[in-house]
Amino acid sequence: MLNPNKNSLLNIIRSYYAPIPMAVLKKHLAVPERTLRRWLSQLAQENLINAIGEGKGRKYSIWQAEEIKTLLHTEESHPFFTADSAMLLAKIQAPLLRREPCAYHEAWLNAYIPNQTFYLDSAQRQQLYENGKRLSQELPAGTYAHKIFNRLLIDLSYNSSRLEGNTYSLLETQKLILEGKFAIDKLDAESIMILNHKEAIKFLVEGISRLEINVNNIRSLHYLLADGLVPSGTAGQVREDAVRISGTTYTPIENSAKLEQLLENIADKAKHIHDPFEQSFFLLVHLSYLQAFIDVNKRTARLAANIPLVQHNLVPLSFNDISKEDYISAMLVIYEFNEVAPLAELYIWSYLRTCKQYTVTAQMLGIEPVRVFYRTQRRQLIADIVHHLILEPQMSALIAERAIEMIPEHDRQKFIEDVKTDLANLAPFTIAGMGINQQELEIWHEYQAK
């Protein structure tokens with residue numbers, strides 16, 4: 001930190017919601033300890049900080065213990081919010097009459113320059129990547145999401161719906177998605193909301209190899225999520241009517257032509273962002289803030305935020321373990337102050353928890369990257385062997401020859417083993433996608449038996 005001073009010290013203390021000791025402060029500020037103690041004494045005399053404890057056990061905070069509990073409820077239930085975020089969250093807890101009315105702030109979007117502006121700092125992005133990486137980015141987009149597809153369908157449908165007040169339980173959501181069993185005591189709209197999530201997630205994962213971040217695909221996600229839940233003809237359409245958001249002084253834009261232009265700007269900026277997590281978070285923030293559709297905006301933002309993660313074979317964002325109250329509060333901070341810190345802290349905390357849960361899923365699935373990445377080459381080679389009735393020893397020679405031609409050395413042996421395993425287990429139910437029909441398979445098997 002350049003030219004540290006008393007205000008630098010105050011900002012450091014403010015960044016922690018728990019009292020911090022001298023040892024921690026010394027690591028932040030490269031100044032003599034006597035200077036640090038003088039500044040602390042002055043800040044305490046000015047009633048800007050609280051000194052808690054005595055001697056070597058003394059700690060410093062801008063909050064009294066009861067004030068911290070008021071802002072954060074309890075440290076255990078909100079381990080992710082810093083003191084600065086708690087201050088912002090406290091502001092939007094004030095009655096509406098005491099909060100300033102505000103409108104859409106286009107300059108905030110315009111000020112964002114892809115790969116120069118960052119809502120998530122480099123340490124946060126690195127932490128997310130290290131925890132979220134599951135497969136090589138050289139593998140086809142969506143490989144990981146395909147492997148955990150059912151888990152993703154259930155988790156994301158359940159959590160995204162839950163954040164909208166849906167009362168389906170996780171088990172009820174699973175039964176509805178996988179078995180088509182409706183919960184008897186639920187509203188029709190709740191069931192539709194979950195089934196719409198299922199369709200939108202399928203669209204995202206199954207089309208990820210060609211799913212660019214553009215307005216049409218964002219509108220497609222909205223159409224699938226909103227169909228049957230908004231007035232006929234409005235699903236997927238940029239709204240022409242005004243909308244109001246309960247619990248906030250924020251008033252979204254009403255001009256449909258302007259909304260379309262801003263939606264284009266958001267998509268254009270997003271597609272130029274290189275880091276997948278920054279790209280994801282940018283979409284989550286700005287699609288929610290714009291409110292381009294008559295309803296179902298935050299749901300659309302949550303699914304759009306998964307596009308970069310699925311494309312890069314990262315753990316998807318399921319919004320696990322986030323309370324509806326915390327999520328709404330973080331959104332209100334964005335609406336009224338254009339401050340992203342509380343939502344970023346929720347995003348990171350939830351994502352890291354999700355990564356831990358999905359680690360077990362990945363281990364159970366036994367994902368094999370070589371099989372997936374060279375699927376086309378393997379299937380074409382098997383089809384050639386069957387079509388030309390190639391048997392041993394020519395078969396092994398051909399497999400080795402093709403492997404040398406097509407496969408990098410570090411994956412070659414595994415590729416050869418996969419081809420031979422599939423040839424040994426060729427059956428009518430395993431030839432789909434190989435260009436082999438059942439008659440050709442029978443002829444090859446007869447030829448082998450001679």
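Each value in this text was obtained by applying a stated rule to the coordinates, not by laboratory testing. Keep in mind that what you see is a predicted model, and the values were worked out from it rather than measured. So basically every Cβ, Gly included, is an ideal-geometry build from the backbone, and we count neighbours across all protein chains shown.
May I ask you to list the aspartates and glutamates whose Cα is less than 19 Å away from that of K258, ignoring any residue fewer than eight positions away on the same chain?
Counting by Cα, and skipping residues close in sequence, K258 has these aspartates and glutamates nearby: E106, E240, D241, D268, D295.
What is the calculated FRET efficiency for Q45 to I245, with r their C-beta to C-beta distance and R₀ = 56 Å, to the nearest 0.05?
0.80
Counting Lys and Arg as +1 and Asp and Glu as -1, each charge on the Cβ, what is the dipole of the chain about the Cα centre in debye, to the nearest 20?
1400 debye
Which shape class, rounded, prolate or oblate, goes with segment 6-62 when its Cα gyration tensor gives a ≥ b ≥ c as root eigenvalues, a/c under 1.5 marks rounded, and past that a/b bigger than b/c marks prolate?
rounded
What are the principal axis extents of the Cα atoms in segment 293-450, in Å, biggest first?
Result, largest extent first: 77, 35, 26 Å.
Over the Cα atoms, compute the radius of gyration (one decimal) and Dmax (the largest Cα-Cα distance, rounded to a whole number) for the chain, in Å.
So, for the chain, Rg and Dmax equal 27.5, 98 Å respectively.
Based on the Cα atoms of segment 369-449, what semi-axes does the equivalent ellipsoid have, where each is the square root of 5 times one gyration tensor eigenvalue, given in whole Å with the largest first?
21, 14, 10
Do you know the Lys pair count in segment 110-237 for C-alpha distances under 29 Å, with sequence separation 8 or more or different chains?
Lysine pairs meeting the criterion: 14.
Could you please report the charge total around S41, scoring K, R as +1 and D, E as -1 over all other residues with beta-carbon less than 15 angstrom from its beta-carbon?
Summing Lys and Arg as +1 and Asp and Glu as -1 gives +3.
Using a Cα-Cα cut-off of under 19 Å, which aspartates and glutamates could be cross-linked to K414, ignoring same-chain neighbours fewer than 8 residues away?
Candidates past the 8-residue exclusion: E138, E368, E401, E405, D422.
Please report the orientation-averaged projected area of segment 81-177, defined via the convex hull of its C-alpha atoms, in nm².
Average projection, Cα convex hull of segment 81-177: 10.7 nm².
Out of all DSSP beta bridges in the chain, what portion is antiparallel? Express it as a percent rounded to 5.
Counting only bridges with both partners in the chain, antiparallel ones make up about 75 percent.
So what's the angle, to the nearest 10 degrees on a 0 to 90 scale, between helix 394-406 and the longest Cα principal axis of the chain?
Value to nearest ten degrees: 30.
Under 15 Å from the Cβ of F182, count the other residues' Cβ atoms, weight Lys and Arg +1, Asp and Glu -1, and hand me the total.
Residues near F182 contribute -1 overall.
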